[in-house]
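These notes are about the structure you will find just below.
The values are calculated or read from the model by the stated rules, or taken from the named source; none is laboratory data. Values in this document were obtained by computation on a predicted structure and should not be read as measured data. So basically every Cβ, Gly included, is an ideal-geometry build from the backbone, and we count neighbours across all protein chains shown.
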Amino acid sequence: MCSHCGHRCRSRYDKRLCRARDLRAAGWMLFVEFERWRVDCPGCGGVHVERLDWLDKNPCYTKRLALHVGNLCRSMMHKAVAELERLDDGTVKELSKLYMAEQVRRAGTPAP
């Protein structure tokens, strides 16, 4: 699926091996290794990276990790979450923003 226009593409341009950080398990940091395709999209006429539902816009971490870190930020300081999850303070701040944006999207707009 094209990340630019959302068109379902059958033709592929090339691929590369990527790694994204996922949730911890039993104290171990887990990484998901996968092939990321660039697709030749007939819908928009360009070559774009495929969109993966479980991967966030930043391909360094999964959506599960982003939501987990955002949930931790609700009850802990960003610096404490960064130390706990071994992430940079700026990364924790960005993940917290993504989490809050998702919460706003789920709540919807208030009725008049």
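Here are a few things to note about the model shown:
- The number of residues in segment 47-73 being in contact (Cβ under 8 Å) with a residue 12 or more places away in the chain and within 11 Å of Tyr99 (Cα to Cα) comes to 10.
- Test: residue in segment 50-68 that is modelled with pLDDT of 85 or more, over 25 Å from Arg8 (Cβ atoms) and β-branched (Val, Ile, Thr): no
- Entry remark, segment 33-50: residues being surrounded by 14 or more Cβ atoms within 10 Å (Cβ to Cβ) and within 16 Å of the chain's Cα centre (by Cα) number 4 in total.
Matching residues to (1) in contact with a Gly (Cβ under 9 Å, 6 or more places away or on another chain); (2) more than 30 Å from Glu35 (Cα to Cα):
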residue	(1), (2)
Lys57	no, no
Leu67	no, no
Tyr99	yes, no
Arg106	no, yes
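- A count restricted to segment 8-31 and to residues that are buried (at least 16 other Cβ atoms within 10 Å of the Cβ) and either of a type in the set (Val, Ile, Thr) or over 30 Å from Val92 (Cβ atoms) (or both) stands at 1.
- For segment 12-40, filtered to residues that are part of a strand (DSSP E or B) and of a type in the set (A, V, I, L, M), the residue that is farthest from Asp53 (Cα to Cα) is Ala25.
- Search result, residues across segment 71-91 that are within 19 Å of Gly27 (Cα to Cα) and either among the charged types (D, E, K, R) or not in a loop (DSSP other than H, G, I, E, B) (or both): Asn71, Leu72, Ala80, Val81, Ala82, Glu83, Leu84, Glu85, Arg86, Asp88
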